[in-house]
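This report refers to the structure that appears directly beneath it.
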Amino acid sequence: MTTTNGRIWRPLVAVLALSMMAAACGGSDDAASDEGGSDADAGATESESNDQEQAAEIVVEAEEQPASEEALDDTEQADEPEVIPPPSGELRIAEFGAVTSFNPAAVNSAQFGFLIPVYDTLTRQDAGLSVVPGLATAWTRPDPNTWEFTVRDDVQFHDGTPFDAQVAVDNIVYHTSFEGNPNAGAWGGFVEARVIDATTFQVEFDVPKPQFPLTMSTIPGMMINPNYLDGSDLTRNPQGSGPWMHVDGESQAGVTEVYVLNPTYWNPADQGVEQISITGFPDNNARINALITGEVEISATVADTQVVTGLDAGMKLVSVPNLFPFILITDRNGELNPALSDERVRQAIAYSIDRDAYNDAVHAGRADASGGIYPSNFSQFHWPEFDDLFAYDPDRARELLDEAGYGDGLTITMPIMPAIAPAVELIVQMLGATGINVELDQINNGELGPRMLSKEYGISWLRALLDHPVGNLPALAIRPWDTFQVGDLAPVDELVAAASVSDDPEEARELYAQASELLLESGTIISLGHAGQNAMYAPNVDGVVMGLGMQSPYPHGIRIIG
Amino acid sequence: MLRLLVGRLTAAVPLMFAVATLVFFLAQANSSDPAGSILGLDATEDAIDAKRAELGIDQPLLSQYGDWLVDAVQGDLGTNWFTGEEITTELSDRIPVTLGLAFGGLLLAVVIGCSLGVLAALKAGRWQDRVITVIASLGIAVPSFWIALLLAYYFAIELRWLPAVWPPGGPDGIGEWVEALVLPSVALGVAASAAIARQTRSAMIGVLQRDYVRTALAKGLPVRRVVGRHAIRNAAIPVVTLIGFQVAALLGGSLFVELIFNIPGLGSYGVDAIFRGNVPALLGFVMVIAFVVVLVNIALDLSYAWLNPKVRVRG
């Protein structure tokens with residue numbers, strides 16, 4: 001099956017991240033989360049032909065060097081030996097919040113920015129969102145349920161301990177057995193990891209995991225020093241092989257983390273700066289202000305409402321268009337609220353939402369206000385017929401409520417927490433206009449996911465990080481569906497499973513479309529539009545790359561010019 | 001004076017106990033499950049139970065309270081549920097920052113508030129008095145976080161005179177430390193300045209109408225000397241009382257100002273603790289704030305004694 005060099009290999013599939021709850025549990029609608037949640041996995045197959053395609057297109061807004069000049073530069077330098085300029089300067093990054101732990105098995109994607117300077121991942125993503133080699137130089141799929149990786153033989157951890165296939169296997173066992181691992185979904189169906197030789201190992205699942213190489217470019221793919229896999233506390237003591245080393249003595253826990261150069265790093269080209277400091281900026285204004293005034297060089301998780309301010313000030317934007325805010329209705333059997341068992345009521349809720357107004361208010365008009373699950377950037381999985389599905393129609397909403405016997409209105413309960421308050425309050429106003437009264441239940445940041453799964457709420461605002469239907473669609477529907485045992489969306493699982501093993505891309509696309517339609521038409525998933533995961537950086541910063549399943553750019557290869 | 005000090009310190013003990021008790025039980029009213037929040041979606045029930053046991057929240061409430069109180073009396077405020085750090089360590093890093101911010105705001109408030117108040121009293125009924133009264137009303141009405149946003153925009157983003165945020169990694173030297181606190185202190189001090197100006201004006205007008213002031217002026221003493229030596233001191237007691245209240249207000253206001261300027265102080269720590277339902281951190285934050293307010297009020301009580309000898313005699 002497909003292999004290696006990510007310039008060729010295009011990840012189609014990806015799970016890495018449903019992060020649906022992760023994203024939902026913290027961060028405003030346009031600023032990403034730093035709270036709880038998990039990266040979910042679907043465990044389905046993907047056709048080989050699809051592997052050559054790219055899941056989404058990344059957006060970069062900034063003045064770029066003309067392509068012709070870049071080509072000229074490349075030509076001129078083609079015959080000269082590559083000279084790697086020495087690392088220089090300090091890269092200061094503003095993150096949404098503080099690091100909660102430096103243990104990759106204990107954190108979700110919101111912590112990626114804090115961990116990635118220290119830990120190498122098995123794979124990486126490039127600027128085009130393709131999976132490229134990291135510690136692994138090649139990967140093959142000997143059978144649908146197994147992945148085989150070949151790893152570098154010149155890597156050592158910060159204390160000099162060498163990295164090899166056995167270490168990778170030990171790490172995978174550690175990740176899969178770590179109690180409370182928020183990325184447990186990514187490891188769903190894990191059977192075993194085994195060493196083939198010093199640089200080769202296999203990972204076997206009981207289901208096909210076509211997205212596994214992409215997953216290995218994110219937090220689950222971070223490799224820990226084997227000397228610390230014995231239960232050592234890594235909370236403030238990260239032990240990796242990455243380009244920089246964490247300096248606890250110069251850091252202030254909960255405020256700023258400081259990293260210095262790893263002098264023995266295997267790929268000096270990644271080390272563009274001598275030092276990195278990452279500071280938590282919980283306030284959106286403070287984060288963009290710090291960038292504009294030159295206090296930091298990169299600001300992660302920039303709210304859409306702040307992007308224009310940054311661009312006007314001459315900052316550059318990198319945006320991965322995979323944020324999907326939506327309303328999820330799980331109580332479709334009416335266990336908590338009988339009204340929600342009526343499909344007409346759920347559709348009335350959908351018709352009550354003015355997506356254009358929502359996106360103007362919450363995303364400063366930068367989002368794609370379409371009604372489907374995938375935006376137009378995901379050309380492969382965007383179905384135009386869903387764009388206007390349940391377009392704002394308050395009269396139709398009232399008719400449906402009347403038909404369902406709720407002409408005099410009804411009351412539903414939704415959770416609200418500080419990080420998502422503006423988005424939820426806007427939805428409450430929209431629903432109120434069609435006679436749907438919403439009682440808000442105040443909860444803490446980070447509690448939304450657990451409370452949804454414990455069936456305390458049957459309807460809520462949520463957000464997913466999209467990558468591919470093979471992971472997304474089951475995760476959007478099935479996990480919540482399991483909590484209430486409704487049983488009405490089993491076909492979604494079947495359709496996705498069939499699509500994932502299909503050799504015909506058009507057939508797979510059609511099956512995914514049918515699964516999406518089921519989720520949307522049943523009023524299970526109500527789209528609020530599609531937004532980007534944004535990071536902004538100063539004009540003197542070069543080489544910023546961000547991928548799927550990440551809330552921060554890679555520090556690798558970044559250089560400060562001038 | 002010593003007896004006064006000892007008396008006030010003794011009275012502070014039951015007050016701190018009452019604050020601790022109230023906050024502890026109010027925090028329990030929050031129905032959240034911190035173990036579930038910390039471990040995430042995929043945690044098993046066993047893992048959540050183990051986490052609850054580790055945090056000690058599986059114990060009866062009174063037992064939790066007793067344990068916390070015993071530790072707190074010994075200076076151990078517990079461990080942060082989310083970072084695993086000692087709360088006393090985390091707070092000790094942040095206390096100087098917030099005290100610096102509050103001191104800056106208070107200094108500004110006292111200097112500007114008293115000056116404007118005295119000027120308004122001396123010009124009572126004239127246009128200067130009316131202008132100052134309007135400005136003071138505005139200062140009280142406009143919330144400090146809004147002033148903070150405006151200050152950051154104009155003086156940091158547009159003019160680039162001062163930093164928009166606390167320097168990442170911390171200030172390099174006292175100069176940068178002070179520079180970073182200027183805008184937040186102004187944002188914090190505006191409302192306090194306005195309140196102090198109004199109180200000073202009111203008290204000064206009352207004092208300036210007293211017989212001894214009229215006599216002093218009739219004897220030909222310069223206005224500056226009469227005001228500076230006699231009137232201000234006698235008008236100061238209600239102003240000092242107000243300053244005591246303002247310290248608590250400044251510490252409360254720091255919650256939002258610290259977020260806007262990304263200052264790693266007590267305020268941002270408290271906000272984070274509240275939003276996460278991080279009970280030990282919240283308790284630690286409240287206890288420190290309460291302790292500071294108690295200390296400030298003791299200092300103010302002592303200043304009454306200096307301002308008014310009758311207090312000293314009774315003390």
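Read-outs: derived from the displayed coordinates by stated rules, not from any lab. Computed from a predicted structure; not experimentally measured. Cβ placement follows ideal geometry from the backbone for every residue including glycine, while neighbour counts extend to all protein chains displayed.
Overview of values
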{"item": "Selection from B:Pro222, B:Val247, B:Tyr304, by position along the positive dipole direction of the stretch B:216-315 (Cβ)", "result": "B:Pro222"}
{"item": "Residue-wise HN-Hα coupling along the stretch A:104-118, computed from phi with Karplus coefficients 6.51, -1.76, 1.60 (Hz; x: Gly, Pro)", "result": "x, 7, 10, 10, 9, 5, 5, 9, 3, x, 6, 8, 5, x, 9"}
{"item": "Selection from A:Leu476, A:Ile436, A:Ala404 lying farthest towards where the dipole of the stretch A:403-516 points positive, charges on Cβ", "result": "A:Ile436"}
{"item": "Peptide A:165-175 - average C-beta neighbours from other chains (10 Å radius)", "result": "0"}
{"item": "Cα centroid separation, the stretch A:148-216 to the stretch A:488-562 (Å)", "result": "24 Å"}
{"item": "Separation between Cα centres of the stretch A:402-457 and the stretch B:3-24, rounded to whole Å", "result": "43 Å"}
{"item": "Packing-based exposure ordering (other Cβ within 10 Å, fewest first) of A:Glu510, A:Glu95", "result": "A:Glu510, A:Glu95"}
{"item": "Residue among B:Gln199, B:Gln74, B:Gln128 with the largest mean-square fluctuation in a Gaussian network model of chain B, springs linking Cα atoms under 10 Å", "result": "B:Gln74"}
{"item": "Most fluctuating residue given options B:Asp172, B:Asp58, B:Asp71, as computed from a GNM of chain B linking Cα atoms under 10 Å", "result": "B:Asp172"}
{"item": "Furthest towards positive pole of dipole, A:Leu518, A:Gly549, A:Ala497, structure part the stretch A:454-562, Cβ charges", "result": "A:Gly549"}
{"item": "The protein assembly as shown - mean residue ellipticity at 222 nm from DSSP helices (-39,500 (n - 2.57) per run, n ≥ 4, rounded to 500)", "result": "-14000 deg cm²/dmol"}
{"item": "Three-way shape label, the stretch B:217-269, alpha-carbon gyration tensor, a/c 1.5", "result": "prolate"}
{"item": "The protein assembly as shown, dipole about Cα centre (Lys/Arg Cβ +1, Asp/Glu Cβ -1), debye to the nearest 20", "result": "7820 debye"}
{"item": "Shielding by partners, peptide A:445-454 (average Cβ within 10 angstrom, other chains)", "result": "6"}
{"item": "Length-normalised contact order for chain B - Cα pairs under 8 Å, 6+ apart - percent", "result": "26 percent"}
{"item": "Packing-based order for B:239-245, A:139-145, using average beta carbon neighbours within 10 Å, highest first", "result": "B:239-245, A:139-145"}
{"item": "Assigned charges on the beta-carbon of Lys, Arg, Asp, Glu; the stretch B:100-243 dipole about Cα centre (debye)", "result": "1080 debye"}
{"item": "Average beta-carbon neighbours from other chains, 10 Å sphere, peptide A:275-287", "result": "5"}
{"item": "Chain B: most fluctuating residue of B:Ala29, B:Ala136, B:Ala148 per GNM, C-alpha cutoff 10 Å", "result": "B:Ala29"}
{"item": "Only Lys, Arg (+1) and Asp, Glu (-1) charged, at Cβ; the stretch A:461-562 dipole about Cα centre in debye", "result": "760 debye"}
{"item": "Over the protein assembly as shown, equivalent-ellipsoid semi-axes from the Cα gyration tensor in Å", "result": "53, 32, 27"}
{"item": "Whether the stretch A:342-492 is rounded, prolate or oblate, judged on the alpha carbon gyration tensor where a/c under 1.5 counts as rounded", "result": "rounded"}
{"item": "By average C-beta atoms within 10 angstrom, highest first, the peptides A:413-424, A:247-258", "result": "A:413-424, A:247-258"}
{"item": "Kirkwood Rh and Cα Rg combined as Rg over Rh, evaluated for the stretch A:153-279", "result": "0.98"}
{"item": "In sequence order, calculated HN-Hα J values of the stretch A:323-333 (Karplus, 6.51, -1.76, 1.60; Hz; x Gly/Pro)", "result": "8, 10, x, 7, 9, 10, 10, 9, 7, 7, 9"}
